[in-house]
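The values are calculated or read from the model by the stated rules, or taken from the named source; none is laboratory data. Bear in mind that the values here come from a model prediction, so they are computed numbers and not experimental data. Every residue, glycine among them, receives a Cβ derived from its backbone with ideal geometry; neighbour counts consider all protein chains shown. Note: areas computed on protein heavy atoms with side chains; ligands, DNA, RNA excluded. Shrake-Rupley method; radii C 1.70, N 1.55, O 1.52, S 1.80 Å.
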Amino acid sequence: MSLLALGINHKTASVSVRERVAFSPDKLADALRQAHGFAQLKEIAILSTCNRTELYCSTELPGTRAVLEWLGQYHGLELSELEACAYTHWDESAAKHMMRVASGLDSLVLGEPQILGQLKSAYSVSQEQGFVGAELGRLFQQTFSVAKKVRTDTAIGENPVSVAYAAVNLAQHIFSDLKDSRALLIGAGETIELVAQHLVNAGVSQITVANRTISRALNVAQAFNGKAIMLGDIPDALANADIIISSTASQLPILGKGAVEKALKKRKHRPIFMVDIAVPRDIESQVAELDDVYLYTVDDLREVIEENQRSRESAAKEAEAIIDVGAHEFMRQLRSLDAVDTVTRLRGSYESLRDQEVEVALKQLKKGTDPEEVLTQMARRLTNKVLHHPTIQLRKASAEGQSDIVNAAQTLFQLSDSDEN
């Protein structure tokens, strides 16, 4: 039985291909059943995110063709199209790959934490459907343990490397406590949604979202118990905003120096922290000239992100060492399982011999044979029967020069030169 990790990701496939290979959550259980039957997989779990689709399998198949054929058939893709962008890892390499994924080392954003939760969800779904057994079960548990150690023992996730997170992180340097801060977010796209989420996580409870389309602003604001306004209402909202973060697709500035000056007078010069993520810029550059305004652009954030990326890359080297140890330990544990069947059969065989000899001894005792003689004969017969086949095989191995078998026997039975006497 071998472990296989097969998939595509943001490094090997375009977004158009990744979209076609993705599994929707409501169809994942059915996909697992189909893959299990079609590709004759003993165990299987499927991880599907916007950046990757991966299958983790325990299989007796010698290659990956059957798995790729099923994947292509399920999604309506040609086998050649999948072969061009799919990657495969076997056994220890598969274990190491899963651990790298769980630790965020294989992510688009190095060290991002969301992937671990997504992997746990994939494990849970497969387990509920009965497709996780001893091998994958042990692999997932070891993976979760290693990922936790990476997060605990390295700085892989400490420094922000996304624009949204970096913007909020800067705000925390300006304001010692964000719980009393009020935020005005301009725009309602994905970046602003991420900013809102990070602000809420940092303790901000008052959020206003301004957008050209009020319905879109409402969708974002309501998700965070916030307020929605139109772009035209921004001048009235400025005086109440401690944090302003803007990210729109506007070709002209939305916020000018004059409007900010008026807001500062109403605020009695309490500072305003501003981040302009947009390109072209949403906030006039002259706003930075005003006292009590801390204005950062996307270029400022990029410098922070690049420095933090370097920090994460250094932490990633430490994480790789932890993963190497974790993958090696997992394979050691897995290989030990191979002996379980042999040990079980060995114990069963010797217990059968024991029971036979006990039965013979009891009969002799009932006939009145001397107990000491019965015990001595039983011990002698049992010793002879236990050692008969190993003795024959060891003599044969020695005669044929198979010293490895003789040495293995000495190790198994704890023999040494001093034992020969």
Would you confirm, using the coordinates I've provided, whether Asn201 is more than 23 Å from Glu306 (Cβ to Cβ), open to solvent by 50 Å² or more (accessible area, probe 1.4 Å) and part of a loop (DSSP other than H, G, I, E, B)? no
Restricting attention to region 181-198, report how many residues are open to solvent by less than 10 Å² (accessible area, probe 1.4 Å) and part of a strand (DSSP E or B). 4
Please go through region 1-47 and pick out each residue that is open to solvent by less than 50 Å² (accessible area, probe 1.4 Å) and among the hydroxyl-bearing types (Ser, Thr, Tyr). Ser2, Ser24
Can you name the condition, by its number, that Ala249 falls short on among (1) of a type in the set (Gly, Ala, Ser); (2) out of contact with any strand residue (DSSP E or B) (no Cβ under 8 Å at 6 or more places or on another chain); (3) not in a loop (DSSP other than H, G, I, E, B)? (3)
By residue number, the members of region 252-281 that are more than 37 Å from the chain's Cα centre (by Cα) and either among the charged types (D, E, K, R) or over 22 Å from Asp300 (Cβ atoms) (or both) are Lys257, Gly258, Glu261, Lys262, Lys265, Lys266, Arg267, Lys268, His269, Arg270
Consider Leu290 against the criteria (1) farther than 23 Å from Lys179 by Cβ; (2) open to solvent by 30 Å² or more (accessible area, probe 1.4 Å): it satisfies all of them except one. Which criterion is unmet? (2)
Can you find a residue in region 130-141 that is of a type in the set (S, T, N, Q), open to solvent by 70 Å² or more (accessible area, probe 1.4 Å) and farther than 14 Å from Leu47 by Cα? yes
Only one residue in Ile8, Ile44 is modelled with pLDDT of 90 or more and touching a His at 6+ places or on another chain (Cβ under 6 Å), so which one is that? Ile44
Under 30 Å from Glu158 (Cα atoms) and in a helix (DSSP H, G or I): is that true of Ala315 in this structure? yes
Scanning for something over 28 Å from Ala315 (Cα atoms), over 12 Å from the mean Cα position of the chain (by Cα) and surrounded by fewer than 21 Cβ atoms within 10 Å (Cβ to Cβ), does region 48-56 turn up at least one residue? no
